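To start, the structure under review is shown below, and the notes come after it.
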Amino acid sequence: MTISPLSHTGMAARVAQDIPDGSYVNLGIGMPTLVGDVVSAGKEIVFHSENGILGMGPAPAAGEEDWELINAGKAPVTLVPGGSFFHHTDSFMMMRGGHIDVTVLGAFQVSAQGDLANWATDDAHLPPAVGGAMDLAVGAKRVLVLMMHTTSDGRPKLLPECTYPLTAAQVVDRIYTELAVIDVTPDGFLVREMVEGLTRDELERRTAAPLAYADEVTVLAPPVR
């Protein structure tokens, strides 16, 4: 059977499905920003950006960008009614003070203990830029990772131990990839959902750390919005 991996948008929609109504949420740079564009109608989520925005809306339509209104990754965003701006010091106080319910972050690697590595690799040509990730990783009440299951050249990103510098230790709660939804438990990785056509053997081949499976592993598919 052919494997049907989720698109980036489908992955983001699956993350959005798990975020409770009324949550205060920070979205990391890159793929996590898509989550703000795919929240289901009727669910109110207040999005935060560490450069000083609360009430961040989805990306603007092409041609309607306001380059005075950007997120932490310097991408144009919108503001919902009631949204506000403030100094980045106040923004980091929100993050460090435990006022963010959920953060959605990208990752280069996640270990079976929930260690997060998302700011530096072994590529010396890329300058390190940890930004606010470490503050979010330890300050948010729940840490969700949205990432591709392997690197572009097929190397596993879910490992027994991270080989890249850590952003924070033992902080990741759940991982969403194009292939599976995986919880981090005291006993390691626990697979909750898998895409249609993916066998356990194939998922394990693409994962360096041991995998356990929930009693009922359900099919991972893009949620209906």
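Quick notes on this one:
- Close pairs from the range 13-32: first free of Cβ contacts under 8 Å to residues at least 40 places away in the same chain, partner open to solvent by 10 Å² or more (accessible area, probe 1.4 Å) and of a type in the set (Lys, Arg), Cβ under 8 Å, at least 6 apart: Asp21/Lys43
- Scanning the range 72-105 for residues that are open to solvent by less than 20 Å² (accessible area, probe 1.4 Å) and either among the small types (Gly, Ala, Ser) or touching a helix residue (DSSP H, G or I) at 6+ places or on another chain (Cβ under 7 Å) (or both) returns Ser91, Met95, Ile100, Thr103, Val104, Leu105.
- Test: residue in the range 166-186 that is more than 20 Å from the chain's Cα centre (by Cα) and more than 22 Å from Thr103 (Cβ to Cβ): no
- Hits in the range 23-64 - residues which are in contact with a strand residue (DSSP E or B) (Cβ under 8 Å, 6 or more places away or on another chain) and in a loop (DSSP other than H, G, I, E, B): Ser23, Gly28, Ile45, Glu50, Asn51, Gly52, Pro58, Ala59, Pro60
- Residue count for the range 171-225, restricted to those that are surrounded by 14 or more Cβ atoms within 10 Å (Cβ to Cβ) and at positive phi: 1
- Taking the range 107-155 as the range and being open to solvent by 20 Å² or more (accessible area, probe 1.4 Å) and either among the small types (Gly, Ala, Ser) or in contact with a His (Cβ under 8 Å, 6 or more places away or on another chain) (or both) as the test, the residues that pass are Ala124, Ala129, Gly131, Ser152, Gly154.
The values are calculated or read from the model by the stated rules, or taken from the named source; none is laboratory data. Note that this is a predicted model, so its numbers are computed, not measured. Don't worry about glycine lacking a Cβ; one is built from the backbone with ideal geometry, like all the others, and counts go over all protein chains shown. Surface accessibility is based on the protein's heavy atoms, side chains included, excluding ligands, DNA and RNA. Shrake-Rupley method; radii C 1.70, N 1.55, O 1.52, S 1.80 Å.
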